[in-house]
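Single-structure report; data block below.
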Amino acid sequence: MSSAFPAPDSGWCLADAGAVVRTMPNLADAVAGPAEVIVGLPSSSIATFAVLLPEVDETLHESMLFAQIERRGLASRQGETVFDFEKVGKLGAEEAWVVNVVSGLPEDSIARTASGYTTSAALRPVPAGGCALWKEHGRLVFGAWLAGRPAHIQVLVGANEVNAATAQEIQLTLLGMQGDPALASQTWNGLEVAVADTPPADWKAFSNFLAAGLQVTATQVSPTLTLANPVPRERLLPPAVRRWQKSRRNLRRNLILVGAGLVVYTIVATLLWQSARRTEARRTDLERQISIVAPDAEQLQADSAQWQRLEPAFEKDWFPVVQLSRITAAMPVSGVVLREFRTTDRTIRLRGQARDVQLANRLVEDLRALDEFKRYEWSMPNPKVEKNNTATFEIEGKPKNASPES
């Protein structure tokens, strides 16, 4: 699978089988071909950190990691916070996690037709010494790996060339990482530099500074190497792409429903047309035999009444798949997990778990506010508060003015 990531100077590099094949001025051109392309988001739009968490039920991981994001001031204040997380190992009784948070992603770094998204650092081979230095859009980027995963990514603010000043900034960064509980036990003894055209004098000053200060050996590697088989991260999908994909799914679903309705309509219309032809053929005979008109008329009335009883079954508002889609859209971005969705006749029953009672009550209020469920009355007994302070809830929706059997 191919990959696209920010070029060292400008534009986007398109790589195939682990090597850069060409550079294009914008991302849209890089993903325009028929091949599947995974986009590596720019490091300037990614905040990466490692954190230690106690061992808990996996359903609580997302909320606990989001709390860490909020503590670091990385949560979005304008809308949804896009973040990804991955467990990379254990440290004593705690688990080590690596978290990537997307913020300030420019529009030219989003392509709807891309096969998936990851970070540009995740597209790079794991450096032998644990650290790497490369360039993206004219800026130097330093990265440190933990258990084969990028655990600290930083766009350097000093010089944009490899020299002694760059080495000093990297040294300060490594010293600061030693105070991080999740990284304190990690040892980095090598730095792979994937930056082309470094003057020999600057390279000597750079490598000597790192070797003298931190005993870190710097080596030069090819700036065009990438992973041959990149893996997309579903959680890093930009909200604009997620909304576009959702609209495509909704359109496809609606087309299926419309198609099913047209099939039913065609069958009924054909039956009615055939019945009309038979009626026309019999009209002359019926005029002569007026005595048999009444039974045939009663049969037609019975058929019409039967169709009126069946007609509500073809309204999409009662389809379980449509109802589930609307319920999912009404759920909060995080903090609520739906465990069970069940329909009996037209009654909807939901069972799930929320981070707290307020979130469960908020879900009920959001369902009541939906125009698509204006035919329903929603009720929820008091949620059960579990030992971990989460709330288990059961919600029931019944059509308004429903009969007791509904």
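Observations
- Residues Asp180, Asp296 arranged by fewest to most Cβ contacts within 10 Å: Asp296, Asp180
- Antiparallel bridges, percent of DSSP beta bridges restricted to the stretch 317-374 (to nearest 5): 100 percent
- Separation of the stretch 1-56 from the stretch 351-406 is 42 Å, based on Cα centroids.
- Answer label, with semi-axes √(5λ) of the Cα gyration tensor in Å calculated from the coordinates and candidates (1) 76, 26, 16; (2) 61, 29, 14; (3) 35, 29, 20: (2)
- Prolate/oblate/rounded call for the stretch 335-380, Cα gyration tensor, a/c under 1.5 rounded: oblate
- Among Tyr265, Tyr117, the ranking by other beta carbons within 10 Å of each residue's beta carbon, starting with the fewest, stands as Tyr265, Tyr117.
- Antiparallel bridges, percent of DSSP beta bridges restricted to the chain (to nearest 5): 80 percent
- Each principal axis of the stretch 318-399 carries a Cα extent, and these read 37, 23, 19 Å when sorted largest first.
- Extension gain from Ala35 to Thr187, taking 0.36 nm per residue of separation minus the Cα-Cα distance: 50.8 nm
- Fewest-first sequence of Lys374, Lys204 by Cβ atoms within 10 Å of each Cβ: Lys374, Lys204
- Once C-alpha pairs closer than 8 Å and six or more residues apart are averaged by separation and normalised to the residue number of the chain, the relative contact order reads 13 percent.
- CD proxy at 222 nm, helix term only [per DSSP H run n ≥ 4: -39500 (n - 2.57); per residue of the chain; nearest 500]: -11000 deg cm²/dmol
- Loop-located GluC sites (Glu not before Pro) in the stretch 349-387 (DSSP state not H, G, I, E or B) with no more than 15 neighbouring Cβ atoms inside 10 Å: Glu386.
Every number here is computed from the coordinates shown, using simple stated rules; none is lab data. Model, not experiment: these values are computed from the prediction. All Cβ positions, glycine included, derive from the backbone under ideal geometry; neighbour counts span all protein chains shown.
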